[in-house]
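Single-structure report; data block below.
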Amino acid sequence: TNILKTVPSSDTDRLMKIWSVIACLESVTTVMGMLRIGPSIFYRSSYEQVDMEIVRATGTYDNSNAAAMYLSVSFFILLATSWPTWLRSVLGVWLFVGMLGTGSNGALLSTLGSLVVLAGVHAIIRNRQDARLWAAVIGIGVGMVAVVLFTLGLSTSLPSGFGLDTRDPLLFQTLGRLSHSVTSRLDILAWAWKTYSRHPWGTGPNSFASGLHNDYAAFWFERGPLGIIGWLWLIAATLLRPLQVANQLANKHRRWQVLVLGAGFLACAVNAFSHEISHMRQVWMLMALLFASGYANLTRQATSSPTITELDTVKRVA
């Protein structure tokens, strides 16, 4: 973050564009993997058997969920660049198709949800309605918890309730897996809770070698009450920062850039309920870009704005 704070905005923008180009290439590998085109490395992992025409792609990763997490972060970094809107839209759709190729429900749903939140918060801040902004933030938090609970409760009947045939190869690898994914994760949490109940101050970092598939549970069960408090503080501080900065920025593009990076981290925070995203370096890089962008944009605005003395001088001359 300290390094990025000193980098000119044009160089930071260039860095995000390079990142986006690489992500688009990664998306090519996941789409090829989904269709089983090209090298088997794009769709074969060390833990999942491949026996269908359309499969869960891994791209250049060994894990479909890790590939999806990378593409989700890259999706929001792409939106934060200075490329024309039409180009960002086209490339953004391509990255989302790449995510679809991985079959990761967590990445797909958290990205879509955060995109909707971004649109709403951006509209409210643009109209400078602070009270409505904080009401929206609270509403978003309650709404996301409600959606998670709703999904857990209806995971078995959710796809069929919308008339979707989960036997279709593409749906089978995404929504068709929802019930199994939720059930298996709840079983893991139930087992982990029994272990944690014998060690209420935490079992120790990386005690659950098989993986909890949930960062909130991992910080709580492995690091105890202090661990989950620290994790929640980190999440809250990172999500509040773009809101605070965006409220102070007058430049539309700078405001959008900070908000869209914040939306990217929101997607990570939601996805953390189904995957341990804290192990992934791209998430920490996103946080560095977010804090550095907020600091640099506020500094740039302060240095470019006329001081009170300068304004008084202009008034006297006029």
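Please treat every number below as a calculation from the coordinates, not as lab data. It should be emphasised that the depicted structure is a prediction, and the values quoted were computed from it without experimental measurement. So basically every Cβ, Gly included, is an ideal-geometry build from the backbone, and we count neighbours across all protein chains shown.
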**Message:** Counting other beta carbons within 10 Å of each residue's own, what order do CYS24, CYS268 fall into, fewest first?
**Reply:** CYS24, CYS268
**Asked** What is the set of long-range amide H partners of HIS213 at a cut-off below 5 Å, with H atoms built 1.01 Å from backbone N?
**Response** GLU276
**Fill in**
Neighbour-count ranking for LEU189, LEU118 (other C-beta within 10 angstrom, fewest to most) reads LEU189, LEU118
**Item:** Phi-based couplings in Hz for segment 248-259 (Karplus 6.51, -1.76, 1.60; Gly and Pro marked x)
**Value:** 9, 8, 9, 5, 5, 5, 5, 5, 4, 4, 5, 5
**Item:** Segment LEU226-VAL28, length gained on full extension (0.36 nm per residue, minus Cα span)
**Value:** 67.1 nm
**Fill in**
Ordered by fewest other Cβ atoms within 10 Å, a rough proxy for footprinting exposure, MET32, MET16 read MET32, MET16
